[in-house]
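Written out below as structure tokens is the structure these notes cover.
The values are calculated or read from the model by the stated rules, or taken from the named source; none is laboratory data. Source: prediction; values computed, not measured. Note that we place each Cβ from the backbone using ideal geometry, even for glycine, and neighbour counts take in every protein chain shown. Please note that ligands, DNA and RNA were not included when accessible areas were found on the heavy atoms of the full protein model with its side chains. Shrake-Rupley method; radii C 1.70, N 1.55, O 1.52, S 1.80 Å.
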Amino acid sequence: MSERSKSRKSNPSSLSPLKSQTLTLNLASSRMARRLFLRPSIATFAAAISLLTIFVLCHSFLSPFPSPPLSHSSSVRRPKVYLYDLPRLFTFGVIESYLLARDPLRSLPISDSDLHYPGHQHSAEWWLLADLLRPDRSASPVERVSDPEEADLFYVPFFSSLSLIVNPVRPSSDGVGARALAYNDDDIQEKLMSWVEGQEFWKRNNGRDHVFICQDPNALYKVIDRIKNGVLLVSDFGRLRGDQASLVKDVILPYSHRINPFKGEVGIEGRNSLLFFMGNRYRKDGGKIRDTLFQILENEKDVIVRHGAQSRESRRMATQGMHSSKFCLHPAGDTPSACRLFDAIVSLCIPVIVSDYIELPFEDVIDYKKIAIFVDTATAVQPGRLTSMLREVSTEKILQFQRGLREVKHFFEYDDPNGTVKEIWRQVSSKLPLIKLMINRDKRLVKRDLEGPDRSFICSGQNATIAVH
């Protein structure tokens, strides 16, 4: 069909021949232009879309900056947590026993709500329970449910770390010792497990969806093999075997800091000491390095190292020392971690970590190389090496470390609504896919006799070398 015939067919019959001819020529010219440019336009557009797709994919997978977390809107399902209503013996009863063991004649509050948890470095168990009891939890990463049938996770709120220290280290002879002997943490652990193992929902999945807090390295030590299937909230793995705990299934918690946070600005003004440490000089296991470091550092210029146990006066001196020093030493103790690391962070005193097997909390969101200096033990014990390394750190680098500490210190504030507790629940939530995998896997496995370790249990017992920077 000719262009003219097409024109007639596509235009109203009322057009005059001249107008029709003119329109035909215009349409022909337009079609020629389209033929000239249509193919390049489509090719260019397709190429642009391809490049954009490649850019988006590469940016999504290779970008060093993580995307901001999704808000807890109605479209995002939060994991559901059921809070076990434990017998009072395991919660507020532990606080009461702790107080009476120190003063058997004291009058206790009538209401549990008036009982105050004793302040100490393993107080995460108190903060987590208090958070779950709050009426408004809309901003939390997890939702508390009253029906256990709806729950993804079950939280066991036993005050395991406080239970461990109910009895005074040195009971007095005025009746306190006799009362203290009435409380036995081993017996309490056994009673707890008798209660938990009797619960329907424990039996359903062999405890895999249960969450236990055992922040003190010795907490729940007697029954740890009976709860190792669950999610353990711990300070480190110093006293746990590879088949009991791992970074894959468990969560590392920060200690509660014991000194007041630094309220000043970033800077070196007023920080006249190079390095500060205050703590027990003599420890066991990996903590034996402390005595060596004391011998090396105690005569160094502008370095303060002091032996001191936990007390109100020690905390006052530690606060003053950390707030007036550029660097704060964190050697291993009886286990790889200790509360002074977190004291240093909230003091904006750059941690110098000499602990080869330390595990740190929230490492998926915190790059500790940006806020701390890591030195392996073999290097740190070389006379003069540690202080010479620190003296070479420039003022600008110190300020950079301090700015990093200021940005992350809210992660170590248990009383901050957007701080430690919220991050712990986010970490626990992240374990849910693995928990569901293991639960479903358990359902189809036959009983097996394994000669070696079960490779489904991925532990964190890896050998690594600490790079010194």
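If I model a spin label at residue 388 and residue 150 as a point 7 Å from the Cα along the Cα→Cβ vector, what separation in nanometres do I get?
Using points 7 Å along Cα→Cβ, the separation is 6.5 nm.
Pairs to check: 370/436; 301/397; 249/288. Give those whose C-alpha atoms are more than 27 Å from each other in this structure.
Numbers: 370/436 35 Å; 301/397 21 Å; 249/288 30 Å.
Where the Cα-Cα span goes over 27 Å, the pairs concerned are 370/436; 249/288.
If I compute solvent accessible area with a 1.4 Å probe over the protein chains, what percent of it on the range 258-392 is carbon and sulfur?
Working: 2790 of 5970 Å².
Ligands and nucleic acids excluded, carbon and sulfur reach 47 percent.
Given points 7 Å out from each Cα along the Cα-Cβ axis, report the residue 378 to residue 444 separation in nanometres with one decimal.
4.6
How long is the range 116-250 along each principal axis, judged by its Cα atoms, biggest number first, in Å?
Over the range 116-250, Cα extents along the principal axes are 51, 37, 28 Å.
Given a Förster distance of 30 angstrom, what is the FRET efficiency for residue 263 paired with residue 396, based on the Cβ-Cβ distance and rounded to 0.05? Write down the numbers at each step before the final one.
Values: r = 23 Å, r/R0 = 0.77.
Computed FRET efficiency for residue 263 and residue 396 comes out at 0.85.
For the residue pair residue 294 and residue 110, what label-to-label distance in nm results when each label sits 7 Å from Cα along the Cα-to-beta-carbon direction?
5.1
Residue 305's amide H: which non-local residues (gap 5+, or another chain) put their own amide H closer than 5 Å, with H modeled 1.01 Å from N in plane and none for Pro or chain starts?
Answer set, sorted by chain and number: 277.
Would you please name the trypsin sites (Lys or Arg not before Pro) within the range 236-291 that are DSSP coil residues with at most 11 other C-beta atoms within 10 Å of their C-beta? All intermediate terms of the calculation are to be shown ahead of the outcome.
Details: sites: 239, 241, 249, 258, 263, 271, 281, 283, 284, 288, 290; in loops: 239, 241, 249, 258, 263, 271, 281, 283, 284.
Taking the range 236-291 and a limit of 11 other Cβ atoms within 10 Å, the loop trypsin sites (Lys or Arg not before Pro) found are 263, 284.
Give me the number: length gained by fully extending residue 218 to residue 432, i.e. 0.36 nm times residue separation minus the C-alpha to C-alpha distance, one decimal in nm. Present the calculation step by step, with values, prior to reporting the outcome.
Details: separation 214, 0.36 × 214 = 77.04 nm, distance 2.60 nm.
Between residue 218 and residue 432, full extension yields an extra 74.4 nm.
Semi-axes of the range 329-404's equivalent ellipsoid from the Cα gyration tensor, sqrt of 5 times each eigenvalue, largest first, rounded to whole Å? Don't skip to the end; give the middle numbers.
Details: eigenvalues 67, 65, 21 Å².
Value: 18, 18, 10 Å, ordered largest first.
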